[in-house]
Amino acid sequence: MLKLAIDFGTSVTKIFRIGSGIVLSEATCIAVTKGTDEIRAYGNEAKELFGKTGDSTEVIFPLWEGEIVNEKLAAALLEYFVGKVCRGSVEALFCVSCGCPITARSTLMRVAKSAGVSRVHFAETPYLAALGHDVPLSESNPVFSIDMGAGKTSLATFSLDGIIAGLTMNVGGNNMDVHIIDHIAELYRLKIGAASSERLKIAVGSLIESDNQSFIVNGRDIGTGKPRSVTVSSQDILLPIRVYVDKVLEYAEMLLRKLPAEVSAAMCKNGIFLSGGVTAIAGFADYCAARLQMEAHLPADPQMAVILGGGRAMGNPALLSRIEME
């Protein structure tokens, strides 16, 4: 039986195949003909159509804020992704948010089965993010993790003995994108789309107050309705980014205040382990470290930390049995 780890994310789906490594990273979206079940495009190809289609085609994201909102299309998309990377009987570990409720896991189980996955496991992102950092997990060495993705953010202090304190917030990169759209409209009287907002965030998004990177963004003039371009700087979008990072760190401080003294001592020694695509924003690690007064560790590719950890867990049955959700 082929073994996979799957991070079926709000924005991007990643798949790790045991023996091969990361074999897929594609947009979690699907294009369909409006009013029918006809699928026009999957993944990255579908995302290229987002905001550019006519009345007959609709681009749908079957997950929203980390939750499956369209089971039928989610199953079709997952089946397509799994089919791209392997054939035959499949056993898969799915990465889920901290404290993922049984209802959400049941929905994901149905989707996985419909997509042809024979055996399903679940593990929470904090554990997998730590494994993606190559952090050795044990009962006596608590770890603090912040995973900030497109739709959700998971925060947790944990050891192999279980979650000590943790929560999941419906806050992520998508919130930033929407706020950036509104901010550019107010600042420059220019209407931009979601894809342009995301590109802008990736290109010049920064939590460094002195950062002066710039990026040309195209959109529609709100007054005249004509196409127009403006040059946007890192400073222009600092506020829409920082407001959501501050909200996450506010809850991180709340969690840290509830920890037993010995666990807090371990946090001071070990620091924070960051993961998720949003944490790749320039200055994110330093901003967190200054706010929480702890060292912040950022992997080489934050967006891939969780799926790398999923692969390591799936390849180690003894470890998987310790961290798997029932």
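Values in this text are rule-based calculations from the coordinates and carry no lab data. From a predicted model like this one, the values you see are computed outputs, not experimental measurements. For neighbour counting, all protein chains shown are included, and Cβ atoms are generated from backbone atoms with ideal geometry for every residue, glycine included.
Numerical summary
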read-out	value
The chain: relative contact order as a whole-number percent, Cα under 8 Å and 6+ apart	19
Karplus-derived 3J(HN,Hα), 6.51/-1.76/1.60, for each residue of the range 68-75, Hz, glycine and proline x	6, 10, 9, 4, 4, 6, 4, 5
Spacing of the two label points (7 Å from each Cα toward its C-beta) at residue 261 and residue 301, in nm	4.4
Angstrom value of the Kirkwood radius, inverse mean 1/r, which spans all Cα pairs in the chain	20.5
Span from the the range 160-209 Cα centroid across to the the range 210-266 one, whole angstrom	6
Residue 64-residue 104 pseudo-label distance in nm [points 7 Å out on the Cα-to-Cβ vector]	1.5
Range of Cα positions in the range 248-307 per principal axis (Å), largest first	32, 21, 16
C-alpha center-to-center spacing [the range 34-67, the range 103-152] in angstrom	26
Set of lysines near residue 52 by C-alpha distance (under 28 Å), chain-local residues within fewer than 8 positions excluded	14, 34, 72, 84, 152, 191, 201, 226
Full-stretch length increase - residue 214, residue 226 - with 0.36 nm per residue and alpha-carbon distance subtracted	2.1 nm
Extent along principal axes [Cα atoms of the range 173-240; Å; largest to smallest]	34, 22, 17
In the range 12-106, the trypsin sites (Lys or Arg not before Pro) that fall in loop regions by DSSP, at most 10 other Cβ within 10 Å	52, 87
Two-decimal Rg to Rh for the range 1-102 - Kirkwood Rh, Cα set	0.99
Residue 247 versus residue 113: modelled label distance in nm, points set 7 Å from Cα along the beta carbon direction	3.5
Antiparallel bridge percentage (DSSP; both residues within the chain; nearest 5)	70
Sites residue 161 and residue 326 - FRET efficiency at Förster radius 22 Å, r taken between beta-carbons, to 0.05	0.90
Average Cα contact separation per residue, the range 173-240, under 8 Å, 6 or more apart, as relative contact order %	33
Helix-derived mean residue ellipticity, 222 nm - over the chain, DSSP H n ≥ 4, -39500 (n - 2.57), to 500	-11500 deg cm²/dmol
Nonlocal amide H pairs with residue 141, under 5 Å, H built at 1.01 Å	160
